[in-house]
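Asks: Sharing a structure here in structure tokens format.
Quick note: the coordinates plus some simple rules give every number you see, no bench work behind them. All values reported here derive from a predicted model rather than from experimental measurement. Backbone-built Cβ (ideal geometry, glycine too); neighbour counts: all protein chains shown.
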Amino acid sequence: MLRRPSFGLAEIAWRWSSGVACWALLGFAFLEYLKSLTVTRGDLLLLRSRQPVLISHAISHIFAGSGFRVVETIIVVSVSLAIGWIIVGSLARAATIKALLGYFGEPEDSSVSRREWRVGGVRSLFGLNFFRVAATLAAITGCVAALLLGDAVSPAESPAPASAFLVFLSVILLVWLVWSVMNWFLSLAAVFVVAESRDTFGAIGSAVALCRNRPGPVLAAGTWFGLAHIVAFVLATSVVAFPLGLAGILPVGIVLGGVILTTLLYLAVADYLYIGRLAAYVAILELPQMPVVTDGSVPTFAPVASHSNAVDQTELILSDSPA
């Protein structure tokens, strides 16, 4: 992360450009929806009356009958964003992982370079990102189900807000945990698609095998980068509290600018941490393990989860020969 900041800048470039395109699409869709609404002279008269009751009546009359257009717009925009993210995310992740593989080394005399990109690899990444979108949709459905379960626990005849909140919070935490685990495995599987030309399900199996055979390094990388992310989030929320606390003294533009600047800095740090964690997983897969002295004389290497062509584990080097 410190020696090659270009990796983090590349991650920020494709993520933020995708985010800007997403917000632009949402903005254009919202403007087009507003253009489809009909505002009569009577509605304008009620809106200018400055009476809350009359204004609410005018707003309800303007938006009456537009529910179908809202649902249609949400469906079209959501499908478009999902397809765009699958394509852009797959190509960008392929580029970053190939760059990381080149950084950690690859034998020049290899008959088939793993950095050689084929259509099958792109399709495999498309499959992984499709599953990530499906998991996100399932998580959103689970959040809606949590609301319905909370409402069912606390009916109008015998309200129980504490029980409803407990059920809602428990289901939300369970959904978030399952989604986080699935999203993490699918993200890790992309490394094997690029590094070993695995298909979608083969890459998922390789990710599971890496966690089973190398639990220590994988857990250490995830834990340390997760703690760093938590620290960055806590610092960002603490910094945001200062301009919000001075909202009554400072101008609105300064307060809003401070909040936006802090948010952007936090997102940049989060992207740097993400690419750093991904580089750690690539290093675990590519680099040889540290020697482990078993009998006090000749160091040996523990078995690795995935055989890499970067270094021949059976080849003797100078550090392997006893003095």
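Asks: Kindly identify the range 116-213 as rounded, prolate or oblate by the Cα gyration tensor criterion: order the square roots of the eigenvalues as a ≥ b ≥ c, call it rounded if a/c is under 1.5, otherwise compare a/b with b/c, prolate if a/b is larger, else oblate.
Replies: Note, shape of the range 116-213 comes out prolate.
Asks: Something else now. On a C-alpha basis, how far is the centre of the range 169-189 from the centre of the range 1-55 in Å? Whole number, if you could?
Replies: Result: 29 Å between the Cα centres.
Asks: Expected output is a single nm value to one decimal: the length gained when fully extending between A24 and L265, i.e. 0.36 nm times separation in residues minus the C-alpha distance. What is it?
Replies: 84.7 nm
Asks: By per-residue mean of other Cβ atoms within 10 Å, what is the highest-first order of 16-26, 189-199? Could you put the intermediate results ahead of the total?
Replies: Details: 16-26: 12.6, 189-199: 22.6.
Ranking, from highest mean packing down: 189-199, 16-26.
Asks: Could you grab the relative contact order for the range 204-289? Cα pairs under 8 Å, six or more apart, rounded to a whole percent. Mind dumping the intermediate values first?
Replies: Working: 35 pairs, mean separation 33.5, N = 86.
With pairs under 8 Å counted, the relative contact order is 39 percent.
Asks: I would also like to ask the following. If I model a spin label at L173 and L9 as a point 7 Å from the Cα along the Cα→Cβ vector, what separation in nanometres do I get?
Replies: It is 4.3 nm.
Asks: In whole Å, what is the distance between the alpha-carbon centres of the range 136-163 and the range 226-273?
Replies: Each part reduced to its Cα centre gives a spacing of 32 Å.
Asks: Still on this model: Bins of 10 Å, beginning at zero and ending with the bin holding the largest distance: percent of Cα pairs per bin for the range 1-107, please.
Replies: 12, 26, 21, 16, 12, 9, 3, 1
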